[in-house]
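Single-structure report; data block below.
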Amino acid sequence: MAAQVPKLEPPVLAELSQELQRFQVGDQQLWEALVQDTARRPQELKPLDIVYLLDAFRRALSFGVRPAPALEATCQRIMECYQDFNSKQCTGALGSVCRLSGHIDSSQQYKVMHLLLGQWLASQPAKWETTPSNQVISVAVSLSGLGVLSDRTETFLAAASSWALRWGAPEGGALSAEDLVVLLWSLKEMTPLGLARYRELVQLSLVRIRAAATYEDWTLVRQGQALEVLLSAKHALVEDGADLAVAEELLLGIEAPMTAALSKQLAQAPCSFLAKVLATGEQGGTDFWLRCSGLTEAAGGPAELCLTCDRHFFGFGAFGLAMPQPVSTVRIVGYGMTALGKLRRSATELMQEALQKALQSTGLQMKDLDGLVAVPSLSHPHFMEAHFLATQVGLLPRQNVRVRTIDTGGAGPVSGLLEAVRMVKAERCQAVAVVAGDAVSSLATADFLARADQGCRDPQGLLPSPCIPNGYDQVARWQMGRSVSREQLAMVSVLMSRQAQRHPLALTKRPHSLEDVLSSRSIAPATNLLECARRADGGAAIIVASSSFMDHHLGHDVVSSKDGAVSERLGPVAASGGVVVLGGGEASGPLFPPRDIDEAMFSCEAAAQSAFSEAQLLPGDVDWFGLYDCYPVCFVRALEACGVAAKGQGGQWVEQMFKRTQSEYQPADFPINTHGGLLAFGAPWEVPAMYNIIEACEQLTGAAGPRQVPRVRRALVYGNGGIFSHSSVAILAKPVD
Ligand code: MLC
């Protein structure tokens, strides 16, 4: 039979592969002939053949077939002919391609998935009014197995959730309660923050699930998915008492049927499924295990289960997914800062004070740190700043302590935060401090300018002194020909001065008028004194640690509870469980503006996109922004790069905000730089992005007093170095456990 394979027409070949897998024929010679033949003449394959072959090869993996050459050739073929696929064929091929991780090269898999998804989206009617529900669910489940979120997946998520809201979830809609569980589960898998952004759909679905109440008829897998969905729904509905009660009720209701099903099928249940139950339970917190003791007993008890899971860590589970990673996030667990102003103290002293205060706020001691990141100072620079500081504070010499100096200019604190996250994740550090401090206000102006100019002067000396304001000024004038007016730039400074009024440490104590800014001393052709970062001395530090370290060493479950024994002596961040770092991104530009300025010199957009992609969020998901504003043009560009304003609309956005904040306004009206930014809070050289981080932490933990924006769940912080020379962006979130 194998010898006949090369003579078969592609449709027959595809049909044969289907029959073989359906009847579980494990004839290796025959399969090998099919693989080789498919790899030899992929150009003859039509969409339907591809769908059948991919499906057959995927299923044949379980009886030892090695289809890599055929898969590669088939994927190549899809790239040539994806436009010939109809909606149903796209769904089928997408399902197989997404489930073949590890058997197809990941970049090829991503490209093919991207093309098929694009084709599927393009073949839907405008409002998906006739899109079959099984296709929507199938695409959602397929995508949920992949960790990558692209623009197209985002488009799918947005469209699928509104489709479900309109056509699927309402009583009598296209989706059954079971379908809704699968759809919500898939949506949840694709967003690290679970179902929070689909609250309305969750509410509707809970009503439908409650009305159906047929857990007993569901498979164990479906029950497991329901369990996950309900736990995630609880987080999504945390501020909504009535719906939360429904989720609780449904959660309690699932215990008995699932316990029964687990007890009956325990022997057959794959270990990774049990592991998933365990991990889900962990997400639910310890009280979940106490409440669902029947379930844990049925599953063999968490401890025993852990052992089983360990052995089968890479097992392929009942959900068709690899084992989930243990639930642990990296968090900012505390911060500290000194006063700002002309302090007449050295940068090192300011760094030490900030570090001590940050440690105090977490209940940790110097000996608990095993990592330190520092950014260099301009006023008292040291060779290997972080090593110098670590030696000064007695952190070194000690075994297993890692320290690093990060020099990305004003982006340093955010780069440092991302480096600390990496140290916790990749180097297994338990607690890392990120420290910055400088005393540029105490420097005489001539000395300050000599040092600052030296850093950014172009070799031809085209940038006049002061180089930094002049460099930004060149960019501002270039931008003035595009999306911002001179007045709109000046309004940024007015806006920051208004914000600063609510922060007790801010240096600018009175709001400026537009006239104040426009008539202040000219520093460069389109830049006046009040549009320059406000020089200051000051230090600030944060502590970064893993959530498991918090749990084990700080007992964060204890301290974060309302009657926590030690919470009084901790800062708000540690006491509320820390602030989760969801994602980050960095990108670079030239050290000084090129002779011909164009878009290529800017890097904030790329950094923000990486951060959004890692956090799997969109600008609309962010409730508070800390945007670098050393000069107004930096702020305007950041508004556009981070998605607050549309491209080219930054200036107009500033003007609208200027008008809106002219009289009494609430923090929620302008949830950006609520502390006043570099222009009005204060700018000790490379420290200020740390103030963005600290303000974000205060906003996320409800500790911002009169500046508090209500219900801040996620915050974005941006640091900019040099003259648009480096961008670092991080996205932070309030923890949900
Ligand atoms: C200054 N003043 C301000 C202000 N800026 N007041 C309100 N808002 C502001 N934005 C006040 C000062 O506190 C001081 O008040 C007075 O104005 C004069 O300021 P000065 O700094 O003492 O003046 P001078 O010595 O003449 O220097 C002017 C200057 C300098 C523009 C050359 O201030 C300067 O270079 N500033 C920018 C600093 C900078 O570029 N930082 C880096 C940003 S780039 P009083 O009451 O004390 O007289 C970046 C990226 C990176 O952040 O990588 O670093």
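The values are calculated or read from the model by the stated rules, or taken from the named source; none is laboratory data. Only a predicted model underlies this, so the values are computations on that prediction, with no experimental measurement involved. Note: ideal-geometry Cβ built from the backbone for every residue, glycine included; neighbour counts use all protein chains shown. These area figures cover heavy atoms from the full protein model, side chains too; ligands, DNA and RNA do not enter into them. Shrake-Rupley method; radii C 1.70, N 1.55, O 1.52, S 1.80 Å.
Calculate, for residue 260 and residue 669, the FRET efficiency according to 1/(1 + (r/R0)^6) with r their C-beta to C-beta distance and R0 51 Å; round to the nearest 0.05.
That pair, residue 260 with residue 669, gives E of 0.40.
Please compute the per residue accessible area over the stretch 68-121 with all protein chains in place, 1.4 Å probe, rounded to a whole number of Å².
39
Please list, in order along the stretch 339-356, the HN-Hα scalar couplings obtained from phi with the Karplus expression 6.51 cos²θ - 1.76 cosθ + 1.60 (θ = phi - 60°), rounded to whole Hz, x for Gly and Pro.
Couplings: 5, 10, x, 9, 9, 6, 10, 6, 4, 4, 4, 5, 4, 5, 5, 5, 5, 4 Hz.
Which order do the peptides 395-407, 358-370 take when ranked by the mean count of other beta-carbon atoms within 10 Å per residue, highest first?
358-370, 395-407
Check the straight Cα-Cα distances from residue 509 and name the lysines below 16 Å, setting aside those fewer than 8 residues away within the same chain.
Those lysines meeting the cut-off are 342.
Which residue, 8, 102, 34, has the largest displacement toward the positive end of the dipole of the stretch 1-138 when charges sit on each Cβ (Lys, Arg +1; Asp, Glu -1)?
102
Sorted by packing (mean other beta-carbon atoms within 10 Å per residue), highest first, where do 510-516, 27-33, 410-416 land?
The peptides rank, most packed first, as 410-416, 27-33, 510-516.
Sort 653, 624 by heavy-atom solvent-accessible area, probe 1.4 angstrom, most to least.
Ranking 653, 624 by accessible area, largest first, yields 653, 624.
Can you give me the pair-distance distribution of the stretch 9-126, C-alpha pairs, 10 Å bins, whole percents?
Taking every Cα pair in the stretch 9-126, the percentages come to 15, 50, 29, 5, 0.
What order do you get for 4-13, 115-124 when each peptide is scored by the mean count of other beta carbon atoms within 10 Å, highest first?
Packing order, densest peptide first, comes out as 115-124, 4-13.
Which percent of the accessible heavy-atom area of the stretch 367-439 goes to carbon and sulfur, probe 1.4 angstrom?
That fraction is 53 percent.
Grab the DSSP H runs of the chain that are 4 residues or longer, score each as -39,500 (n - 2.57), total them, divide by all residues and round the 222 nm result to the nearest 500 deg cm²/dmol.
-15000 deg cm²/dmol
How large a share of the accessible area of the stretch 494-544, in percent, is made up of carbon and sulfur atoms when the probe is 1.4 Å and the other protein chains stay in place?
Within the stretch 494-544, the accessible surface is 54 percent carbon and sulfur.
Is the shape of the stretch 632-694 best called rounded, prolate or oblate, per the rule: a/c under 1.5 gives rounded, else a/b larger than b/c gives prolate, else oblate, with a ≥ b ≥ c the square roots of the Cα gyration tensor eigenvalues?
oblate
Of the listed pairs 425/734; 88/425; 111/647; 111/188, which have alpha-carbon separations greater than 30 Å here?
Violating the 30 Å Cα-Cα cut-off are 88/425.
For the stretch 38-101, give the percent of accessible area contributed by carbon and sulfur heavy atoms, probe 1.4 Å, rounded to a whole number.
47
Per residue, what accessible area does the stretch 466-509 have, given a 1.4 Å probe and all protein chains present, in Å²?
The answer is 31 Å² per residue.
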